[in-house]
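Some notes on the structure that comes next.
The values are calculated or read from the model by the stated rules, or taken from the named source; none is laboratory data. Remember, predicted model here, so these are calculated numbers, not experimental data. Cβ coordinates were reconstructed from backbone atoms using ideal geometry, including for glycine residues, and neighbour counts include every protein chain displayed. For the accessible areas, the whole protein counts, side chains as well, though only heavy atoms, and no ligand, DNA or RNA atoms are used. Shrake-Rupley method; radii C 1.70, N 1.55, O 1.52, S 1.80 Å.
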Amino acid sequence: MRRNRFRSGAVAVFAAGTLLASAACGDSFDDGGEAAQQTSGPAALQILIGSSGDAETAAVKDAAAAWATKSGNTATVTPAQDLTQQLGQSLAGDNPPDVFYVDAGRFTDYASVGALEPYGDKVDNPDDFYQSLKDTFTFDGKFYCAPKDFSTLALEINTDLWTKAGLTDADIPTTWDQLTAAAQKLKAKGTMPLAVADTRDRVGAFMVQSGGWIVSKDGKQATADSAENVAALTYVQTLLKQGLASYPKALDAGWGGEAFGKGKAAMTIEGNWIKGAMTNDFPNVKYTVHELPAGPKGKGTLSFTNCWGIAAKSKFKEQAIDFVKAMTSVDQQMTYAKAFGVMPSRESARDQYTAAFPADKAFIDGAEYAQGPVNAPKMDSVLADFDASLNTLAKADPKTLLGTLQKNTQATLGG
Amino acid sequence: MSTVTTASADRDDRSAGGGRPATGGRGPRQRFGRWLRWPGPFRGGIRGNERIAGWLFVAPVIVLLGIFFLAPIIMAFWVSLTDWQGQGSPFKSGVPFVGGDNYTRLFTEDGLARRDFMTSIRNNIYYVAIVVPVQTVLALGLALLVNNRMLKGKGFFRTAFYFPSVTSSVAISVVFLFMFANSGAINGILSFFGIDGPAWFSDARGLIHLILGVFGVDNPPSALANGGPLGLTWWDWLSGPSVAMCAIMALVIWTTSGTFMLMFLAALQSVPVSLDEASELDGATRWQRLRYVTLPLLKPTMFLVLTLGLIGTWQVFDQIYVMSQGNPAKTTLTPAFLSYRTAFKDFDYGRGAAISFVLFLIIVVLTLAQRWVMRDRDEPRRRFRWLR
């Protein structure tokens with residue numbers, strides 16, 4: 001224990017230093033930082049993925065093996081324990097994997113420092129990707145990397161708790177007012193109506209429905225303290241104050257899906273990943289999925305996505321692009337969808353997807369009006385700070401929270 | 001200075017310092033300088049070769065320490081002076097040198113960086129202020145218990161008290177997560193007494209704020225709400241540790257007091273029983289024996305335990321990483337975790353390294369201060385008279 005603490009302490013204090021040491025051992029200090037040369041011949045691709053679980057790892061490994069056999073290259077798929085950290089280390093060590101997952105929220109961090117190869121337009125039929133996803137992975141006018149797949153938020157309703165409160169399909173909320181009304185009926189029966197996580201990745205959906213967002217469309221202006229955002233947070237605050245909604249932690253759950261699965265809340269706002277969790281952990285809970293209720297400015301949801309990033313320093317860029325082409329074909333995306341429940345990022349796969357998963361209509365319909373993550377570099381700590389303040393939303397003044405967010409966002413975007 | 005005394009001094013020198021060469025008695029500074037000098041053919045006498053041998057013997061350690069400690073520290077210090085973004089080596093020419101900017105952003109520029117850092121410092125001050133005294137007193141108490149001559153089954157108790165210290169901190173952290181869950185064991189026991197336990201790991205309220213709340217002070221008085229040093233308001237500084245932080249403190253106290261108990265126990269066993277008995281014969285009470293016989297003899301150990309405690313608590317990392325990641329509302333953010341997060345999650349390696357160097361300085365300064373406070377003083381301290 002003691003030693004452990006010392007060791008970790010040492011790790012923390014000298015983390016950067018140790019990293020440097022490994023960087024120093026990996027290569028001498030004389031590399032000029034030019035773009036890596038394309039190497040011909042059979043490539044040995046290194047692929048680093050941030051896997052959601054065994055199902056995804058197996059599916060990607062199979063697909064990579066199939067591509068390798070067909071193209072005469074080799075492809076090694078490594079599931080990361082902590083993708084951000086591992087990627088950070090390998091980039092610092094000048095030895096990044098050739099292909100890796102890039103989370104949409106992190107994309108600009110990598111693109112802005114030149115770690116990514118902007119190959120987006122070289123894949124087959126790039127206009128087939130949903131426009132909102134293409135926007136997410138565009139930086140300085142360049143479409144950098146092909147969206148792997150995506151998820152959107154929707155409203156999940158526990159059928160049993162819903163009927164027990166005397167509610168029917170007609171009561172499924174499509175506006176904020178209806179949501180409040182249905183929640184009040186659920187609360188009268190002693191059920192916590194809604195579990196919503198205290199992060200901009202859930203609460204932010206209300207901001208979109210209200211017509212606001214943290215940054216402007218081009219990601220260059222901070223728009224956090226707009227009246228629309230204040231209205232959205234005030235609405236969420238009302239739900240929390242009146243006991244119509246609760247954060248999952250207060251319900252003793254790690255996330256909304258857990259609270260929902262345990263029957264501690266009748267509704268939750270989560271993405272399509274909840275399907276897997278419900279099948280695995282709570283197979284007996286019956287639920288339906290609906291589009292999020294519309295706010296004053298219409299429907300709104302958030303999308304989450306990864307892209308297949310190719311390292312600017314990769315030695316096998318052409319092979320890597322070829323690999324990504326194979327991974328983003330309609331057929332392959334449908335295989336992934338079936339294996340681990342993600343939605344294809346290509347519009348042409350949409351009909352196939354709805355045919356295969358009719359219950360997921362609400363998720364894929366969200367693609368039309370979904371808002372991607374904040375696409376400006378170095379915003380992560382600012383947004384984490386906002387998340388931390390959302391924790392106190394029930395008591396705090398929404399204007400103050402958004403004012404702080406505005407100030408920090410401006411400081412980050414400006415500098 | 002006569003020749004005779006010089007010679008004897010040299011002999012003393014040799015016997016005390018092992019293979020130190022004869023130096024001709026020219027005062028300590030010169031002797032030291034010559035000792036460092038490479039032995040020439042006519043210098044150093046018959047023991048000259050031993051110097052080379054000595055350096056050769058320590059060379060492996062010096063090389064290892066140099067490569068794995070000194071070099072990384074210097075490299076990290078360089079990184080803390082740059083705006084390196086984690087692309088390739090930080091020693092290339094293209095890496096922007098920013099001087100002390102990473103440091104000034106932590107202290108003088110109003111912004112998120114400073115607020116996060118100061119929040120983490122605040123959290124850690126409360127953490128250290130509570131954990132170090134409590135774990136030291138607890139460890140001493142346990143050691144006195146186990147050292148009791150009348151106690152049966154000493155081996156069992158020693159093992160039991162030491163057990164938390166040898167268990168993996170990650171495993172213990174996970175167990176504590178379950179215990180402090182909203183419907184976990186702790187809240188179960190509390191509800192048995194009719195107390196509605198808090199949602200431990202999502203409760204960001206500070207203890208001092210909670211206590212003030214009892215007296216009806218829910219909102220900060222304007223004198224405290226507006227302004228305060230280093231980017232946080234006085235009200236924020238005076239929040240006290242959050243409920244979530246208290247749970248982590250409980251865990252750390254529980255796990256580390258076993259180790260320190262062992263150190264106290266070792267020291268206690270070298271306290272001669274006769275001293276204790278003599279003071280008993282002199283009519284000293286139990287408290288007086290502890291205060292005037294045992295504790296003074298434990299002083300070196302006390303210093304060790306306090307120093308180790310201070311260093312360990314300022315560097316607290318794994319419990320935070322496993323249990324809370326700085327949440328809720330940043331009340332369990334500590335400088336060590338913030339440094340890690342800033343570097344590896346935000347790719348701001350320069351600021352991350354800067355934070356770790358500031359943390360290093362804090363620890364060094366506090367340890368020196370503690371040494372000064374605990375230094376040996378000849379005159380008796382009057383302020384403890386009333387205890388007698």
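Some observations on this one:
- Whichever lysines have a C-alpha closer than 26 Å to that of A:Lys286, once near sequence neighbours (fewer than 8 apart) are set aside: A:Lys164, A:Lys185, A:Lys187, A:Lys189, A:Lys249, A:Lys262, A:Lys264, A:Lys275, A:Lys299, A:Lys338, A:Lys361
- Here the Gaussian network model covers chain A, with springs between Cα atoms less than 10 Å apart; of A:Leu167, A:Leu383, A:Leu402, A:Leu167 fluctuates the most.
- Choice from A:Asp94, A:Asp54, A:Asp121 showing the highest fluctuation, given a GNM over chain A with Cα pairs closer than 10 Å: A:Asp54
- Cα-projected label distance for A:Asp128 with B:Val373, points at 7 Å along beta-carbon direction, nm: 7.0
- Cα gyration tensor shape of segment A:142-286, rounded if a/c is under 1.5, else prolate or oblate by comparing a/b with b/c: oblate
- 21 Å Cα-Cα reach of A:Lys399 towards lysines, excluding residues that sit fewer than 8 places from it in its own chain: A:Lys241, A:Lys297, A:Lys407, B:Lys330
- The amide H of A:Ala294, built 1.01 Å from its N in the peptide plane, has A:Thr175, A:Trp176 as neighbours under 5 Å, considering only residues 5 or more places off or on other chains.
- Interface between chains A and B: roughly 4700 Å² of accessible area buried, both sides summed (probe 1.4 Å, protein heavy atoms only).
- Value of relative contact order over chain A, rounded to a whole percent, pairs C-alpha under 8 Å and six or more apart: 25
- Shown in residue order for segment A:326-333 are the 3J(HN,Hα) couplings computed by the Karplus curve 6.51 cos²θ - 1.76 cosθ + 1.60 at θ = phi - 60°: 5, 6, 9, 5, 4, 4, 5, 5 Hz (x for Gly and Pro).
- In nm, spacing of pseudo-spin labels at A:Lys217 and B:Leu361 (7 Å Cα→C-beta vector): 4.8
- In summary, the lysines within cross-link reach of A:Lys122, defined as a Cα separation below 22 angstrom excluding same-chain residues under 8 places away, comprise A:Lys70, A:Lys134, A:Lys142, A:Lys148, A:Lys313, A:Lys315, A:Lys317, A:Lys325.
- Here the 3J(HN,Hα) profile of segment B:154-163, calculated from phi with Karplus coefficients 6.51, -1.76 and 1.60 at θ = phi - 60°, is 4, x, 4, 5, 4, 4, 4, 5, 7, 3 Hz, Gly and Pro shown as x.
- Probing with 1.4 Å while keeping every protein chain in the model, the per residue accessible area of the protein assembly as shown equals 47 Å².
- Heavy-atom accessible area order for B:Trp55, A:Trp273, A:Trp213, largest first, 1.4 Å probe: B:Trp55, A:Trp273, A:Trp213
- For B:Leu368, the solvent-accessible surface with a 1.4 Å probe is about 110 Å², rounded to the nearest 10.
- Residues with amide H under 5 Å from that of A:Met192, placed H, sequence gap 5 or more: A:Ala266
- Note on B:344-355: average number of Cβ atoms from other chains within 10 Å of each residue's Cβ is 6.
- Accessible surface of the protein assembly as shown, 1.4 Å probe: 60 percent of it comes from carbon and sulfur atoms.
- Calculated FRET efficiency, B:Leu290 to B:Asn49, Cβ-Cβ distance, R0 = 60 Å: about 0.65 to the nearest 0.05.
- Residue with peak Gaussian network fluctuation, chain A [Cα springs, cutoff 10 Å], from A:Ala259, A:Ala182, A:Ala355: A:Ala355
- From phi via Karplus (6.51, -1.76, 1.60), per-residue ³J(HN,Hα) for segment B:62-71 in Hz, x at Gly/Pro: 4, 4, 4, 4, x, 6, 9, 10, 5, 4
- Taking amide H positions as modeled 1.01 Å from N, with prolines and chain starts lacking one, the residues under 5 Å from A:Leu116 and 5 or more places away or on another chain are A:Ala312.
- For the pair A:Asn95 and A:Asn280, label points projected 7 Å from Cα toward Cβ lie 3.2 nm apart.
- Rounded accessible area of B:His209 (nearest 10 Å², 1.4 Å probe): 40
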